[in-house]
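What follows is one structure encoded as structure tokens, with my remarks underneath.
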């Protein structure tokens with residue numbers, strides 16, 4: 001199983017309701033349904049991925065995360081998942097806040113643009129990072145946003161979002177320390193209390 | 001496992017005999033009523049594999065297979081049959097005609113038993129709700145308590161929505177294709193032009209033309225307008241472009257120059273052979289009257305539905321555009337219902353639901369798998 005899926009699986013409560021934003025072919029949802037008895041649905045923009053979701057027995061809505069998210073009532077899911085999709089949305093702040101409105105807790109998985117290999121490429125080679133987890137050249141990347149795990153932490157601070165947990169992934173393993181330097185991917189578990 | 005459907009026969013179910021007539025939405029009564037229907041595949045022991053297929057404005061009960069002497073199979077033959085999306089080796093598929101129609105069910109061209117003459121315009125105005133209420137009698141008569149699925153495109157999709165709302169306990173899943181919760185001004189406008197064409201045809205005679213000359217020119221024009229709205233600019237351009245019909249250069253007169261002109265005329269003329277002008281008036285009216293938002297907002301309307309939903313739309317369908325499908329999806333999501341939706345890429349316009357068998361099959365067969373297992 002993919003390490004990011006494993007981390008989400010390990011940190012999700014049994015029988016939860018889940019909304020997966022940018023669910024792809026529904027693989028993660030399938031895992032959560034099978035392993036944790038979750039129920040859930042996904043949002044996906046790619047038509048071909050929709051066929052695969054349905055083949056995987058997943059209920060899915062075809063559309064943009066930004067607009068589809070508006071259709072759900074407040075706190076209608078135990079968890080909302082934004083795994084490897086945040087960097088591709090037009091308005092990430094709106095989407096994260098929307099996800100925190102719809103879900104009681106939110107998983108966000110983001111690629112770390114400031115992982116050490118990337119930093120090396122920037123500093124020594126003078127090119128923007130192209131690595132295993134960031135395989136795209138600047139001219140054909142689906143990514144609209146380039147951020148580090150530290151940047152994301154700062155974003156949460158500004159938006160008064162509580163970070164319940166962070167796990168960094170390096171290769172196929174969990175990065176034990178200094179994840180902003182060593183992790184290729186970071187998985188955050190977030191919560192936002194509206195009583196202010 | 002069967003490989004073919006075999007020879008199909010249309011069946012007829014009659015009910016609502018006097019004095020137990022069906023009370024229509026308008027308050028008027030209709031009875032006795034006959035519904036034409038066809039079935040494909042076998043109903044299983046616990047009657048849990050029945051799928052009801054509902055047709056569009058000009059459709060009929062003959063959805064699949066060949067009847068005796070048929071040259072062309074039913075209108076959704078690419079979707080219904082052994083190994084197809086609606087796999088008749090697995091499911092029992094029923095296709096029901098509608099009241100108001102002219103394909104074997106009670107409609108304006110039927111004989112009114114009270115007068116022994118065709119109803120004509122004395123036939124009461126029927127709604128989508130009335131059509132569905134009539135179909136419920138048919139499903140009851142087959143001993144089916146819960147339909148595995150109700151499916152249809154365009155007007156068929158409206159019936160699907162109405163089924164899920166009117167008979168919440170009897171519909172396990174609803175597949176609504178290229179449809180809407182109500183007709184917009186534009187959709188009504190196209191229908192009105194068609195109705196005007198029929199009613200201004202001198203042969204229409206206030207609807208009393210049975211046994212005389214039918215208002216063929218009017219109905220043909222209505223069908224031509226319909227066809228334009230069912231296609232897309234792209235599909236028309238691809239099929240016809242500016243190609244000339246049977247001539248080398250423009251005629252500089254008002255005979256047909258372009259292939260598209262000949263095509264529309266041909267479609268209009270052949271339609272007149274198989275459809276009744278008054279039925280067109282009645283059924284188009286039923287579509288225009290359909291409005292699920294009549295009393296309250298949509299999210300309230302779908303609050304109590306119990307079915308799972310699959311909502312399908314097509315990129316080039318400008319008659320029932322994507323946002324109208326999304327309205328249904330939104331109302332279901334707000335209520336936490338199980339819903340899947342897809343916009344299928346197609347250049348065929350509204351007709352796509354009849355043509356795009358491959359992509360629809362991929363979605364529908366797997367969706368039904370899940371529903372059947374659940």
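The values are calculated or read from the model by the stated rules, or taken from the named source; none is laboratory data. Fair warning: this is a prediction, and the values are worked out from it, not measured in the lab. Counting neighbours? That spans all protein chains shown, and the Cβs are built from the backbone with ideal geometry, glycine included.
Table for the structure above
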| read-out | value |
| --- | --- |
| Positions within segment B:157-185 being touching a helix residue (DSSP H, G or I) at 6+ places or on another chain (Cβ under 9 Å), part of a helix (DSSP H, G or I) and farther than 17 Å from residue B:327 by Cα, in sequence order | B:163, B:166, B:170 |
| Any hit, segment A:7-22, residues being more than 10 Å from chain B (Cβ to nearest Cβ), within 25 Å of residue B:85 (Cβ to Cβ) and crowded, with 18+ Cβ neighbours inside 10 Å | no |
| Single unsatisfied condition, residue B:142 versus (1) within 23 Å of residue B:91 (Cβ to Cβ); (2) crowded, with 20+ Cβ neighbours inside 10 Å | (2) |
| Matching entry among A:65, A:43, A:50 (being touching a strand residue (DSSP E or B) at 6+ places or on another chain (Cβ under 6 Å), touching a residue at least 40 places away in the same chain (Cβ under 8 Å) and surrounded by 18 or more Cβ atoms within 10 Å (Cβ to Cβ)) | A:65 |
| Test: residue in segment B:353-361 that is buried (at least 24 other Cβ atoms within 10 Å of the Cβ) and within 26 Å of residue B:87 (Cβ to Cβ) | yes |
| Only one of B:214, B:197 that is at pLDDT 95 or above, outside any helix (DSSP H, G or I) and buried (at least 18 other Cβ atoms within 10 Å of the Cβ) | B:214 |
| Extreme residue, farthest from the other protein chains (Cβ to nearest Cβ), among residues of segment B:348-374 that are part of a loop (DSSP other than H, G, I, E, B) and under 20 Å from residue B:75 (Cβ atoms) | B:348 |
| Inter-residue pairs, beta-carbon under 7 Å, first under 26 Å from residue A:78 (Cβ atoms) and more than 7 Å from chain A (Cβ to nearest Cβ) and in segment B:333-346, second at pLDDT 95 or above and in a strand (DSSP E or B), 6+ apart | B:337/B:309 |
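A quick yes/no check of all residues on (1) surrounded by fewer than 19 Cβ atoms within 10 Å (Cβ to Cβ); (2) more than 14 Å from every other protein chain (Cβ to nearest Cβ):
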residue	(1), (2)
B:255	yes, yes
B:268	no, yes
B:278	no, yes
B:303	yes, no
B:317	no, yes
B:327	yes, no
